[in-house]
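Report on the following structure.
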Amino acid sequence: MPTKTGRTLPAQTPPAAWAAHTSMVAPSAHPAATASVEPPAQTGQLAVVADPPLDPELLTGPVEVTGITQVTHDVMTFELRAGWMTAVDFAPGQYVTMRIPELGLERCYSISSAPFGTNIFTITVKRVPGGAVSTHLHDNVRVGDRLHVDGPYGLFSTSFHQAERHLFLSAGSGITPIVSMVRSLLARQGGFGTDIAFVHSASTPEDIIFRAELEQLAEVARVNVTILCSRDSETEAWAGRRGRIDASTLAEVVPDAADRETFVCGPGPYMEAVRPLLAEAGVASARMHEESFVFATSPADRVARAGARARAAGAGSGGVTGARHTVEFTVSGHVVDCDESTTVLDSALDAGLSVPSSCSEGACGTCKSVLISGEVEMKHAGGIRPKEIAAGKFLPCCSTPLTDLVVER
């Protein structure tokens, strides 16, 4: 995700102004969380420890599944209610990080609903072959169950890149954040002044997510919807455009692409194919925004990266690009060295510490920690909220030390 630079982030910064940035983070008062204990009613009765109160302004906690809709043969929409909140505040296109404790796994899922001022929102999940979390959600989750979410995160939103003319390109389940943005745009003043070009790619007709809604959108004034299918399904011969998106198709269906704010989401190969097409169409890089959740750094990449740092350090003082600082982790009791060109997460992993992480680029919020003392320079991609930064939290995966640090982890 592209970033801009800046040195500070005021605690009251509105969402539209805190799009990808660099921020200086120093700790503020953050007393340890406390839980009230009810005294036992009689001898021998176990004390009941109450859960810490949930913050009514943050979408972090257990949400109730209030509805499940089968969208396609391998896609489901889960309607979720955050009962402790009056309204879930998110920008269309943002996502939540979902934690599945019984699997010990986390995954990011885009919010597919528009922010309509209620405490109910939806995520739309495609079953991934061999995917532990998506399979669990499809096969085991039922209405009434509870799931843990944390968010919203991300900068892939029309709220952060406002315009009156938009181009949306999606493939497969990449349509999920796009639909959230389109729904929001059309709800804004009844859709007045909105000009939308929407091109969606699917493998077959039965793989078209939100098909009925897309067909309805095609009837809306100033909304141009194009659906491409690579092949027929077993039950339907596709009568629309066939094949994959290419330069001629893009030029034909969106001849004014260069004049539109563009949002792209889909599988990695799709994203790689679309970038040069947009460049050829004259879309400026500053007006092209991408979303992808295939961002976990592989163990092999981390080992290679650690080896490169070790070799640089072994080359002598010329291999060290900044001053060295200590990082103390209070929970584990470990103290590691970290220079100003290495992230706190990388230093911890190099020292053999186990730190939960997923994206390694400041997007998902998985590694979020409390900075007890010291200062870091953090270049995040939307994976932490202004209120959390003001409370002394930071993301080790995208933070480098400016002083010695003490971290609560």
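Going by the structure shown, is Ala187 in contact (Cβ under 8 Å) with a residue 40 or more places away in the chain, surrounded by 15 or more Cβ atoms within 10 Å (Cβ to Cβ) and among the aliphatic types (A, V, I, L, M)?
No, not satisfied.
Kindly establish whether Gly104 is touching a strand residue (DSSP E or B) at 6+ places or on another chain (Cβ under 9 Å), at positive phi and open to solvent by 10 Å² or more (accessible area, probe 1.4 Å).
Spelling it out, it is not the case that Gly104 is touching a strand residue (DSSP E or B) at 6+ places or on another chain (Cβ under 9 Å), at positive phi and open to solvent by 10 Å² or more (accessible area, probe 1.4 Å).
How many residues, within the range 107-120, are open to solvent by less than 40 Å² (accessible area, probe 1.4 Å), in a loop (DSSP other than H, G, I, E, B) and closer than 17 Å to Leu58 by Cβ?
Count: 1.
Which one is surrounded by the fewest Cβ atoms within 10 Å (Cβ to Cβ) among residues in the range 121-146 that are in contact with a helix residue (DSSP H, G or I) (Cβ under 8 Å, 6 or more places away or on another chain) and touching a residue at least 40 places away in the same chain (Cβ under 8 Å)? Explain how you work it out, then say what you get.
As a first pass, look at the range 121-146 and keep what is in contact with a helix residue (DSSP H, G or I) (Cβ under 8 Å, 6 or more places away or on another chain): 123-128.
Checking which are touching a residue at least 40 places away in the same chain (Cβ under 8 Å) leaves us with 123-127.
Numbers: Ile123: 23, Thr124: 24, Val125: 25, Lys126: 20, Arg127: 17.
The residue in question is Arg127.
Could you check how many residues of the range 340-367 are without any contact (Cβ under 8 Å) to a residue 40 or more places away in the chain and surrounded by fewer than 23 Cβ atoms within 10 Å (Cβ to Cβ)?
Residues of the range 340-367 that are without any contact (Cβ under 8 Å) to a residue 40 or more places away in the chain, as a first pass: 347, 351-354, 362, 367.
Applying the additional criterion that residues be surrounded by fewer than 23 Cβ atoms within 10 Å (Cβ to Cβ) yields 351-354.
Of the residues in that region, 4 qualify.
Would you mention how many residues in the range 192-203 are surrounded by fewer than 20 Cβ atoms within 10 Å (Cβ to Cβ) and within 27 Å of the chain's Cα centre (by Cα)?
Qualifying residue count, the range 192-203: 2.
Could you tell me which residue of the range 172-218 is modelled with the highest pLDDT, considering only residues that are on the phi > 0 side of the Ramachandran plot and either small (Gly, Ala, Ser) or in contact with a strand residue (DSSP E or B) (Cβ under 8 Å, 6 or more places away or on another chain) (or both)? Give the steps one after another, and end with the answer.
Taking the range 172-218 and keeping what is on the phi > 0 side of the Ramachandran plot, we get 172, 189-191, 193, 210.
Then keep just the ones that are either small (Gly, Ala, Ser) or in contact with a strand residue (DSSP E or B) (Cβ under 8 Å, 6 or more places away or on another chain) (or both); that gives 172, 190-191, 193, 210.
On the way: Gly172: 95, Gly190: 63, Gly191: 57, Gly193: 67, Phe210: 98.
Residue satisfying both the conditions and the ranking: Phe210.
With Ser399, Ser357 as the choices, which residue is modelled with pLDDT under 85 and either among the acidic types (Asp, Glu) or in contact with a helix residue (DSSP H, G or I) (Cβ under 8 Å, 6 or more places away or on another chain) (or both)? Show your work before the answer.
Details: Ser399 fails: modelled with pLDDT under 85.
Checking each option against the conditions leaves just Ser357.
Kindly provide the set of residues from the range 57-75 that are open to solvent by 30 Å² or more (accessible area, probe 1.4 Å) and not in a loop (DSSP other than H, G, I, E, B), ordered by number.
Passing the criteria: Thr60, Pro62, Glu64, Thr66, Ile68, Thr69, Gln70, Val71.
Please go through the range 219-237 and give me each residue that is open to solvent by 50 Å² or more (accessible area, probe 1.4 Å) and farther than 14 Å from Val254 by Cβ, ordered by number. Quick ask: steps written out before the conclusion?
Here is the first cut: in the range 219-237, the ones open to solvent by 50 Å² or more (accessible area, probe 1.4 Å) are 219-222, 224, 230-232, 234-237.
The answer is Glu219, Val220, Ala221, Ser230, Arg231, Asp232, Glu234, Thr235, Glu236, Ala237.
In the range 238-282, what residues are polar (S, T, N, Q) and surrounded by 12 or more Cβ atoms within 10 Å (Cβ to Cβ)?
Selection gives Thr249, Thr262.
Check the range 197-213 and report whether any residue there is farther than 24 Å from His73 by Cα and touching a residue at least 40 places away in the same chain (Cβ under 8 Å).
Our first condition is that a residue be farther than 24 Å from His73 by Cα; within the range 197-213, this holds for 197.
Still in the list and also touching a residue at least 40 places away in the same chain (Cβ under 8 Å): 197.
So far as the range 197-213 goes, yes, one or more of its residues are farther than 24 Å from His73 by Cα and touching a residue at least 40 places away in the same chain (Cβ under 8 Å).
Considering (1) open to solvent by 60 Å² or more (accessible area, probe 1.4 Å); (2) acidic (Asp, Glu); (3) under 24 Å from Leu186 (Cβ atoms), say which one Glu206 fails and leave the rest.
Condition (3) is where Glu206 drops out.
Return the pairs, sorted by first residue and then second, in which the second residue is assigned to a helix (DSSP H, G or I), the first residue lies in the range 159-179 and is of a type in the set (D, E, K, R), the beta carbons are less than 7 Å apart, and the residues are 6+ apart or on different chains.
So the pair list comes out as Arg165/Asp259.
Restrict the check to the range 300-321 and report whether at least one residue is closer than 20 Å to Gly93 by Cα and either modelled with pLDDT under 90 or open to solvent by 40 Å² or more (accessible area, probe 1.4 Å) (or both). I'd like the intermediate steps shown before the answer.
Within the range 300-321, the first condition is being closer than 20 Å to Gly93 by Cα, and the residues that meet it are none.
No - not one qualifying residue is present in the range 300-321.
The values are calculated or read from the model by the stated rules, or taken from the named source; none is laboratory data. This structure is a prediction, so every number in the text was calculated from the model and none was measured. Positions of Cβ are backbone-derived with ideal geometry, glycine not excepted, and every protein chain shown enters the neighbour counts. Remember, those area values only see protein heavy atoms, side chains included, never the ligands or the DNA or RNA. Shrake-Rupley method; radii C 1.70, N 1.55, O 1.52, S 1.80 Å.
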